[in-house]
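Here the structure is laid out as structure tokens; the discussion comes afterwards.
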Amino acid sequence: MPTCRRKRVVLTQPSEQLLRALKSDPNKDVFYLEQTGEIFETYEAYAARMSFYRLKQFQCEVTGKSGLDYFQAISSERAEAETLHSRFSEPLKPVILKAVQFQVVGRLDHLVEAVYDRFKDRYFKGERVLVDLNGLKYYARVHTVYPPKYSYDVAARDANKPDAEGMDNGNARPIDHEEPHQIYGDLKIAVKEINSRDDPFMYYYWVHLTELERDKGDKGKSSRAADGSEMIGSLMEVQCGRMSRDRLSFSKSILRRFIRDCVDRDAAVASPWIVKPAIAHKYGVISNMPEDTRKDVEAIKKGEHDKRKKAWEDKDGPPNKKQKKMTAAQEEKGLSLLFHLQPKDKEAQDKHDQQRAAREEAEKIAAEKKKKKPIRYPTEDLDVRLNDKDIKAGMKLKRPVPTSHALPFNHHPGTFEAFLMTWNFLVVYGQPLHLSPFTLDEFEHAVKHSIEDIPCPLLAEVHSTLIYNLRTVAFARHSAVLSLLRRKEQLESQGLEDDEFFGVDTDQLSAAVSDIGNNWERVPLRFSEGREGWEEALVGCLKDHATRENFPRMREILTKLLFAPDPNEPILSDTTPSPLRLSMISTPRERYSKLPVQDRIAILGFMVNLAISSKAIHQHMESCEEQLTALRKEKIEVNRTKKQYMEEMSGLMGEIKEEQIDEDVKMEDPSDLSDVATSENGSDSGRSKKKPKDLRQKAQLQAHSKQREAARAKQASVKAALAEHRRLDEEVNKLERRLEGIERDFRKLLGGVRVKPMGKDRFYNRIWWFDGLGSSSLVASGGATQYGAGRIFVQGPSEIDLEHMMRRIGDEIPVQARRLEEEGQEGMLGPGDWAVYSDVEELESFLAWLNPKGHREIALKQAMSKWWFHISAGIRRRMQDLSAQAKLPEARRSARTQKVTPDISREPYMTWTNKKALNAT
């Protein structure tokens with residue numbers, strides 16, 4: 001059975017509902033997994049199980065190969081099992097299985113050792129063995145086995161000698177047909193004791209020689225092999241000393257694989273090894289444990305349990321009777337008796353009270369010390385509490401409160417999350433969608449754009465590229481209309497009236513939808529024409545892709561896109577507005593500008609969810625995986641080269657220091673050593689010493705000239721070493737810049753595969769940073785800072801994490817009270833809640849609040865510190881852009897009038913251009 005993370009994979013059993021349906025509804029449709037025989041009631045369960053089986057995390061239990069999916073592991077095990085059972089000696093199988101049945105042996109290795117030692121010198125009828133005759137080995141087949149009682153009866157053995165064709169002589173006396181080697185007892189019994197009872201060397205065997213073993217690598221035996229060929233086909237009587245088995249059919253490794261394939265064992269302590277029922281039935285091994293064997297197994301189990309219990313009590317159990325201490329009540333009673341027996345002296349009583357109190361306090365302190373184990377950091381974040389030392393070191397007790405009201409569209413539940421997901425998808429997959437990146441602020445203003453006469457190019461490009469992408473995704477014609485009609489029929493069958501949205505019933509909406517966008521998958525939305533007609537194509541796309549199940553707000557949105565209110569309808573009153581009624585048929589181009597932002601985001605979110613399954617997105621993901629692999633390899637090579645350069649630089653620096661030390665040693669001045677004694681009167685003694693002194697002076701000058709040449713050579717060597725050091729330093733700087741580029745590219749490509757948060761804080765709030773993912777970049781071509789969102793988002797804990805926190809017990813302060821203390825009432829986020837940090841100072845305070853003693857927060861702090869330069873630079877750049885945009889209306893003030901007339905066409909979201917559009921030229 002394949003294993004997953006060292007655990008055997010258990011097949012899924014049919015549910016109770018399926019078993020009941022088998023009796024009530026035998027024709028019920030189910031999902032059947034043919035490879036494993038599993039049955040599932042729903043497609044989701046079937047697909048989840050199939051996805052699990054396709055993961056490359058399984059291991060072949062026989063060969064140990066890992067990194068396989070479940071079906072590859074099954075195929076590997078079956079192939080190995082077939083090879084193993086074909087090689088393993090067939091007569092040995094039943095006797096070995098009988099020997100291991102119900103054996104209580106701790107490890108499989110010990111079981112294999114015991115079986116191998118017991119059967120290595122014992123042979124059975126029908127086995128294929130090797131027989132050594134005068135240095136030549138023959139393959140032979142065991143025909144007859146004579147137990148030890150025939151060892152001294154040569155006549156009986158000769159009388160039962162079979163003929164050359166393997167048949168017994170007609171005059172042969174019958175021998176006892178008893179099974180030899182009755183040694184199936186406890187395998188823990190020593191081999192010497194078993195052999196003394198049933199000596200394998202006292203057995204005799206009639207063997208039939210079948211062929212000569214040929215050794216292709218040994219050419220020297222060719223002549224002897226020719227001489228030994230005449231023995232083939234003859235019968236021999238041999239003992240186990242001349243016999244052996246082929247290592248390919250019997251060895252410890254093969255025996256281990258055979259036993260592991262045929263037996264199983266429970267996980268409980270002292271559980272016996274049991275042969276699998278199908279194999280036991282095939283080889284005639286008893287499956288019902290005999291009563292005496294059962295008693296022995298239970299006795300072993302009880303002994304093991306008692307042994308472990310005693311070891312546990314000796315380690316942490318109560319003291320024994322000799323060391324047993326009196327309880328506090330017993331001590332108090334004893335002291336009271338002592339006071340009754342002795343004179344009631346007040347000082348003595350006070351002394352005893354003090355001693356007792358001191359003893360109790362010491363025991364309490366000792367118990368607390370024993371209970372409190374030293375904490376090894378980092379640990380669980382909620383187990384970490386700030387002390388006075390941490391507060392003095394500058395760590396924040398309360399987290400800075402992130403703002404929720406600064407998030408766009410956050411007043412509608414779930415709208416901001418869909419808006420953020422849509423923007424991230426469009427930016428990350430900008431390359432396969434042929435869409436240039438844009439900031440989150442630009443996308444926000446584009447979604448809010450409601451001026452019909454001035455079209456927004458960003459909205460047109462986003463919808464058009466999604467429409468082009470959804471043309472490649474399978475769809476059903478008029479699925480929206482069919483879904484509405486099914487709903488109407490369902491209501492009529494229940495005797496209910498048809499639903500109306502804004503005064504429009506199903507028939508009116510179906511008729512209006514049927515006439516719009518029928519050629520949406522063929523309409524050319526040209527870039528040069530401003531993607532004219534994308535609104536009608538959008539309705540056609542929704543009509544063929546959407547249903548009530550996958551897009552619950554479909555009917556409401558289609559009604560708003562195709563119907564307009566009647567301008568002639570009177571307004572009842574201003575204080576009590578009447579419900580919106582849409583009675584006039586309109587066009588999507590006119591109505592889209594009047595569509596609320598939550599409906600626009602719902603449309604984009606639905607289209608994005610469909611586009612994820614497109615072929616272009618899948619191909620892009622595969623390309624990102626390949627590029628990530630190439631980047632990993634390049635990073636390894638760059639780090640290896642950098643390490644090599646650093647080692648060379650270290651060696652050069654050592655040489656430079658040594659040569660500088662040598663130069664610091666001053667050379668002796670030649671003028672001091674060439675002092676020639678002169679005499680004013682030109683005495684004979686001066687002339688006599690002149691010649692030796694000239695020679696000495698000449699030798700000294702030659703020596704100093706050589707020293708100067710060596711010094712110049714050393715100086716040149718130092719200069720060359722310094723130049724080489726500078727060159728290597730420049731190469732290291734280049735490699736470091738390349739490593740930074742690899743990290744940025746890695747982040748971009750990883751965003752195209754899966755977007756993950758930077759980490760979680762102690763309360764499981766998820767921290768998100770979306771800049772530098774997919775088609776966006778952190779650094780422009782000129783080195784300028786770029787940003788996408790320019791903020792750090794905080795998402796509340798998931799329901800599972802929140803439930804996990806609430807289940808914590810044993811804390812001095814409950815988690816909810818601690819959250820109130822450290823996050824504040826306004827800073828506590830629930831599941832689905834979002835907040836944001838838009839200022840660098842707030843983010844620095846948040847970074848100071850993170851405690852590196854916790855597992856989650858140390859990982860989060862390291863990730864934020866790694867990207868801190870780009871995070872802070874993006875936030876500052878966004879604040880600068882917002883400030884510049886706030887000053888634009890003052891620059892637009894007219895000199896003739898004091899009224900401000902903002903020019904919407906100069907807004908950043910209106911000046912955005914899609915430079916990646918396919919037909920942009």
- Task: Run the quick spin-label model on H411 and R632: label points 7 Å from Cα toward the beta carbon, then report their separation in nm to one decimal.
- Result: 4.8 nm
- Item | FRET efficiency for M806 and K301, using Cβ-Cβ distance with R0 set to 25 Å, rounded to 0.05 | 0.05
- Message: Please compare each pair in K28/K615; K149/K301; K93/K137; K389/K748; K93/K149; K364/K398 to a cut-off of 32 Å on the Cα-Cα distance and tell me which ones are over it.
- Response: K28/K615; K149/K301; K389/K748; K364/K398
- Cross-link table K643/K719; K642/K853; K760/K853; K635/K760, entries beyond 21 Å C-alpha to C-alpha: K643/K719; K642/K853; K635/K760
- Which whole-Hz ³J(HN,Hα) couplings does the stretch 44-55 yield from phi under the Karplus relation 6.51 cos²θ - 1.76 cosθ + 1.60, θ = phi - 60°, glycine and proline marked x? 4, 5, 5, 5, 5, 5, 5, 5, 5, 5, 7, 5
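Can you compute the FRET efficiency between L136 and R54 using 1/(1 + (r/R0)^6), with r the Cβ-Cβ distance and R0 = 45 Å? Round to the nearest 0.05. The partial results should precede the final answer.
Numbers: r = 54 Å, r/R0 = 1.21.
Given R0 = 45 Å and the Cβ-Cβ separation, E is 0.25.
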- Task: Take the Cα pairs of the stretch 3-81, get the Kirkwood Rh, then feed it into Stokes-Einstein at 10 °C and 1.306 mPa s and tell me D in µm²/s.
- Result: 114 µm²/s
- For Y204, other-chain or 5+-apart residues with amide H closer than 5 Å (H placed, Pro excluded) are Y146
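Which loop GluC sites (Glu not before Pro) in the stretch 1-83, with loop taken from DSSP, have no more than 12 other Cβ atoms within 10 angstrom of their Cβ?
Numbers: sites: E16, E34, E38, E41, E44, E61, E77, E80, E82; in loops: E34, E41, E61.
Answer in residue order: E34.
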- Message: Quick query: amide H of F563 versus all other amide H atoms, modeled in the peptide plane; which residues come in under 5 Å with a sequence gap of 5 or more or a different chain?
- Response: S586
- Query: In what sequence do W867, W206 fall when counting other Cβ within 10 Å, fewest first?
  - Reply: W867, W206
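Can you flag which of K396/K756; K120/K192; K448/K594; K633/K861 are past 18 Å Cα-Cα? Numbers along the way, then the final one.
Working: K396/K756 27 Å; K120/K192 13 Å; K448/K594 10 Å; K633/K861 27 Å.
Table pairs above 18 Å Cα-Cα are K396/K756; K633/K861.
Test of the criteria: in the stretch 813-861, which GluC sites (Glu not before Pro) are in a DSSP loop and have at most 14 other Cβ atoms within 10 angstrom of their Cβ? List each step's numbers first, then the result.
Details: sites: E821, E822, E823, E826, E841, E842, E844, E857; in loops: E823, E826.
Answer by residue number: E826.
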- Task: Provide the per-residue ³J(HN,Hα) series for the stretch 108-113, in order, calculated from phi with Karplus coefficients 6.51, -1.76, 1.60 and θ = phi - 60°, each as a whole number of Hz, with x at glycine and proline positions.
- Result: 5, 4, 5, 5, 5, 4
- Task: For G832, enumerate residues with amide H under 5 Å from its amide H, sequence gap 5+ or separate chain, H modeled in the peptide plane.
- Result: G796
- By per-residue mean of other Cβ atoms within 10 Å, what is the highest-first order of 138-149, 445-456? 138-149, 445-456
- Message: What whole-number distance in Å separates the alpha-carbon centres of the stretch 58-86 and the stretch 446-519?
- Response: 53 Å
- Message: Could you derive backbone 3J(HN,Hα) for the stretch 56-71 from the dihedral phi with the Karplus parameters 6.51, -1.76 and 1.60 (θ = phi - 60°), listing whole Hz in sequence and x where the residue is Gly or Pro?
- Response: 8, 9, 9, 10, 6, 5, 7, 8, x, 5, 10, x, 10, 7, 4, 6
- How high is the FRET efficiency from E549 to I904, r the C-beta distance, R0 22 Å, rounded to 0.05? 0.05
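Can you compute the charge dipole magnitude of the stretch 3-81 about its Cα centre, using +1 on each Lys and Arg Cβ and -1 on each Asp and Glu Cβ, nothing else charged? Give it in debye, rounded to the nearest 20.
Numbers: 12 positive and 11 negative charges, 76 e Å.
Computed charge dipole of the stretch 3-81: roughly 360 debye.
Readers should treat all values here as calculations from the given coordinates under stated rules, not as data from a laboratory. Computed from a predicted structure; not experimentally measured. Don't worry about glycine lacking a Cβ; one is built from the backbone with ideal geometry, like all the others, and counts go over all protein chains shown.
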